[in-house]
Amino acid sequence: MSAYDYDLFVIGGGSGGVRAARVAASMGKRVAIAEEYRFGGTCVIRGCVPKKLFVYASQFHEHFEDAVGYGWNVGKNTFDWKKLIASKDKEIARLEGLYRSGLVNNGAEIIESRAELVNAHTIRLVKTGKTVTAEKIVIATGGAPNLHAALPGHELCISSNDAFDLPELPRSIMIAGGGYIAVEFANIFHGLGVDVTLIYRGKEILSRFDKDMRQGLHNAMVEKGIRIILTDVIENVEKTAVGGLLAKTKTGETIAVDIVMLALGRDSNTKGLGLEAAGVDVDQRGAIIVDEYSRTNVPSIYALGDVTDRVQLTPVAIHEAMCFIETEYKNNPTAPDHDLIATAVFSQPEIGTVGLSEEDAAKRYSELEVYRAEFRPMKATLSGRAEKMIMKLIVDAESRKVVGAHILGHDAGEMVQLLGISLKAGVTKEDFDRTMAVHPTAAEELVTMYDPSYRIKNNQRI
Ligand code: NDP
């Protein structure tokens, strides 16, 4: 009989924590998992899932417009924000229920309380003050929006957390940031009829993406009517006498809006967790430092998911949890593989991307071939929509391997999931060329770009 109350104690009921707890419990381990808010974490409760539901909601007005070119007379339509929120809440509650039942059915104990470390094997449950012990502890407390406390008026602004439950749909919004969340919400709010201004400090939105994706999406957003301000930041936010907000920018613009949303990155949820008491090291930004097996410097304590700030994505947290199980409970040391992670930005149009951007590939390989197609998708012909799709393959000229694949357009996220398998398997450009097209699709462009659009040698386009 173990000297501890549990074999495994997981702090945090998000994607990574629940997966680790559920699978360990299914193997007969004595497992408890503590969550202070709702099971499902950022992804299910106030991230990926409700975001995607909002994306669907925001796309309908374009569907209605497009339908006309196909002979439909859609008639007058209206949008009910409160109804969307209620439907979303119902779906989130259903998913949370599944997370809970998955844990319970596999024998994990659910503890609805904040949990903090006391030492390397002891956890205090804040709700009751009780302490429990565990042989191993996994910290999977995720992250939270950076509230940008240095910004005067930041307390008047909202984060993505609040955007999911606004009592009313605003008439206008200013969104600060140029990353995933800023761009996705700019498109969501615009699609729902809100006047949107996005402000970003850099020269182009989505700094870590391929330049064609960044410019292509920027152009599409502006074409729709979203205002994008570059190389500027909000300097302060004030209330106006009539109840709205006034955002002043560094370059001297004053913009009146109903709501200002900050999407300036997310910080690890480590404050007050008792890491110091347990001796767990964190980096300068408060993220828990782990080795390749998600082990902290304290042998009994592990951390996975956003709290470690490796790659802030749900599937990565789940993968890290599965690697933890393999390593610790199956005697099969498995380090998470963070290479070639396919990802999508659910903007409108979407971006799907896997591997290196042209710019990053040019730094790594001496010679590249770039295959690029820009075209109007078939659906846009009868609808009359001006939107373009862009597809791009980056090929290492020496090994012939496709080292980056990028898509801007409808269903780019779906397409890049499949491309991710090919790139992971080390696909060459010749494999693409040998693949028969599926006709008529947009994706067939990926296997019919036979000649390079241009080459890059020693970081110079030729
Ligand atoms: P991102 O890291 O994507 O973007 C943060 C943005 O804020 C960047 O544009 C950054 O600029 C800017 N920024 C940071 N600090 C400042 C500052 N002090 N002043 C002005 N601008 C600043 O973070 P998000 O918050 O958008 O999303 C968090 C994470 O969540 C993402 O990294 C992603 O991993 C995940 N996510 C994934 C989604 C998906 O898979 N579809 C959807 C939503 C989130 P710069 O680029 O110049 O550094």
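The values are calculated or read from the model by the stated rules, or taken from the named source; none is laboratory data. Note that the structure is predicted; figures quoted are calculated from it, not measured. Note that each Cβ is placed from the backbone with ideal geometry, even for glycine, and that neighbours are counted across all protein chains shown. Each accessible area value is taken on the protein alone, full model and side chains, heavy atoms only, with ligands, DNA and RNA left out. Shrake-Rupley method; radii C 1.70, N 1.55, O 1.52, S 1.80 Å.
Of everything in segment 116-162, what is of a type in the set (Gly, Ala, Ser), in contact with a Leu (Cβ under 7 Å, 6 or more places away or on another chain) and either within 17 Å of residue 15 (Cα to Cα) or within 16 Å of the ligand (Cβ to nearest atom) (or both)? Give them in sequence order.
Once the filter is applied, which keeps residues that are of a type in the set (Gly, Ala, Ser), in contact with a Leu (Cβ under 7 Å, 6 or more places away or on another chain) and either within 17 Å of residue 15 (Cα to Cα) or within 16 Å of the ligand (Cβ to nearest atom) (or both), segment 116-162 yields 140, 159.
Taking the stated definitions as given, is residue 80 of a type in the set (D, E, K, R) and open to solvent by less than 60 Å² (accessible area, probe 1.4 Å)? Spelling it out, it is not the case that residue 80 is of a type in the set (D, E, K, R) and open to solvent by less than 60 Å² (accessible area, probe 1.4 Å).
Of the conditions (1) open to solvent by less than 10 Å² (accessible area, probe 1.4 Å); (2) within 22 Å of the chain's Cα centre (by Cα), residue 346 clears all except one; give me its number. For residue 346, the failing item is (1). Among the residues of segment 96-116, the one identified as more than 14 Å from residue 22 (Cα to Cα) and among the basic types (Lys, Arg) is 114.
If you go through segment 131-156 and pick out every residue that is hydrophobic (A, V, I, L, M, F, W, C), assigned to a loop (DSSP other than H, G, I, E, B) and surrounded by 21 or more Cβ atoms within 10 Å (Cβ to Cβ), you end up with 1. When 278, 247 are screened for being small (Gly, Ala, Ser), within 16 Å of the ligand (Cβ to nearest atom) and either farther than 28 Å from residue 63 by Cβ or open to solvent by less than 40 Å² (accessible area, probe 1.4 Å) (or both), only 247 passes. Looking only at residues of segment 386-418 that are open to solvent by 50 Å² or more (accessible area, probe 1.4 Å) and closer than 17 Å to residue 348 by Cβ, we find that the one that is farthest from the chain's Cα centre (by Cα) is 386. Checking the conditions here, which among 442, 437 is surrounded by 18 or more Cβ atoms within 10 Å (Cβ to Cβ), modelled with pLDDT of 95 or more and closer than 19 Å to residue 376 by Cα? Only one candidate passes the filter, namely 442. So in segment 164-188, with the set limited to residues that are surrounded by fewer than 18 Cβ atoms within 10 Å (Cβ to Cβ) and not hydrophobic (A, V, I, L, M, F, W, C), which one is nearest to the ligand (Cβ to nearest atom)? Looking at the filtered set, the residue picked out is 165. Is there a residue in segment 324-342 that is on the phi > 0 side of the Ramachandran plot, touching a Lys or Arg at 6+ places or on another chain (Cβ under 6 Å) and open to solvent by 40 Å² or more (accessible area, probe 1.4 Å)? The answer is yes; a qualifying residue exists. Restricted to helices (runs of 4 or more DSSP H) entirely inside segment 340-434, those with at least 1 residues that are among the acidic types (Asp, Glu) are 358-364, 412-424, 429-434. Can you name the number of the only condition in (1) among the small types (Gly, Ala, Ser); (2) farther than 15 Å from residue 274 by Cα; (3) over 28 Å from the mean Cα position of the chain (by Cα) that residue 144 fails? Single failed check for residue 144: (3). Filter segment 19-40 down to the residues that are out of contact with any Gly (no Cβ under 6 Å at 6 or more places or on another chain), assigned to a loop (DSSP other than H, G, I, E, B), surrounded by 24 or more Cβ atoms within 10 Å (Cβ to Cβ) and on the phi < 0 side of the Ramachandran plot and list them by number. Those that are out of contact with any Gly (no Cβ under 6 Å at 6 or more places or on another chain), assigned to a loop (DSSP other than H, G, I, E, B), surrounded by 24 or more Cβ atoms within 10 Å (Cβ to Cβ) and on the phi < 0 side of the Ramachandran plot: none in segment 19-40.
Residue 40 meets the stated requirement of being touching a residue at least 40 places away in the same chain (Cβ under 8 Å) and touching a Phe, Trp or Tyr at 6+ places or on another chain (Cβ under 7 Å). Within 16 Å of the ligand (Cβ to nearest atom) and crowded, with 16+ Cβ neighbours inside 10 Å: is that true of residue 383 in this structure? No; evaluated as a whole, the condition is false for this residue.
Here's the yes/no breakdown for (1) part of a helix (DSSP H, G or I); (2) within 16 Å of the ligand (Cβ to nearest atom); (3) open to solvent by 10 Å² or more (accessible area, probe 1.4 Å):
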residue	(1), (2), (3)
236	no, yes, yes
256	no, no, yes
261	no, yes, no
273	no, no, no
286	no, yes, yes
290	no, no, yes
298	no, no, yes
312	no, yes, yes
315	yes, yes, yes
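Going through (1) within 20 Å of residue 347 (Cβ to Cβ); (2) away from the ligand (no atom under 16 Å from the Cβ) one by one, residue 207 falls short only on (2). For the condition more than 30 Å from residue 184 (Cα to Cα) and exposed (fewer than 12 other Cβ atoms within 10 Å of the Cβ), residue 454 does not qualify.
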